[in-house]
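Below: one structure, written as structure tokens.
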Amino acid sequence: MKRRDFIKISGAAAAGLGIAACAPRGTDGTGTKTASAASGEITGTMAQHYPGIGLLGYGCMRWPMIQGPDGREVIDQEAVNALVDEAIAHGVNYFDTSPVYLQGKSEEASSIALNRHPRSEWLLATKLSNFSDWSYDNSVKMYRRSLEVFKTDHIDYYLLRSTATRKASTNSWPCTTNTTGTSCRSR
């Protein structure tokens, strides 16, 4: 066997094993569906809180843009809809966005595209992105706004960003971080 052929075969085998190793295990220790190198599909499930979560997620930070009527760039909603449709059709059901992506328009475009599908078909991850007003009240307001934008009663994964990097104020998050760790007080 030539060296080049050996590298091709061993590289493909290593890639297949690497993808298979990424497939999460069920709660009973059994393996779940894994990647199929032959079909080109990547499948799998996460055995955490949502047994049906796909192995791959879709980041909604950079949606396609087009020139709007006023000459400014706007999100190409038709393209977003097509991308979400294609992702869901191929088993992607975890969508990650943030209120600050695309000047605050990513959540809105993602909501329009996702809400064309039953809520049971997709999982939503968004973020607490309060970079200017770090108060507890504003944080809750941002969470509620995301619920309204997505027309849903729950967010599946809510990611906290930089919650302990500001000095505490009278109406701030109840946790502080320093060199010895994080400590929290009750509200």
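The values are calculated or read from the model by the stated rules, or taken from the named source; none is laboratory data. Computed from a predicted structure; not experimentally measured. Cβ sites come from the backbone with ideal geometry, for glycine too, and all protein chains shown count toward neighbours.
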For this session: Can you tell me which residue within region 70-101, out of those that are under 15 Å from SER146 (Cα atoms) and in contact with a Cys (Cβ under 9 Å, 6 or more places away or on another chain), is surrounded by the most Cβ atoms within 10 Å (Cβ to Cβ)?
Result: THR97
For this session: Kindly indicate whether SER111 is hydroxyl-bearing (Ser, Thr, Tyr) and surrounded by fewer than 18 Cβ atoms within 10 Å (Cβ to Cβ).
Result: no
For this session: Among the residues of region 91-119, write down those that are closer than 19 Å to LEU56 by Cβ and among the polar types (S, T, N, Q).
Result: ASN93, THR97, SER98, SER106, SER110
Seminar exercise, completed: Taking region 117-161 and the residues there that are among the polar types (S, T, N, Q) and not in a loop (DSSP other than H, G, I, E, B), the one that is modelled with the lowest pLDDT would be SER135
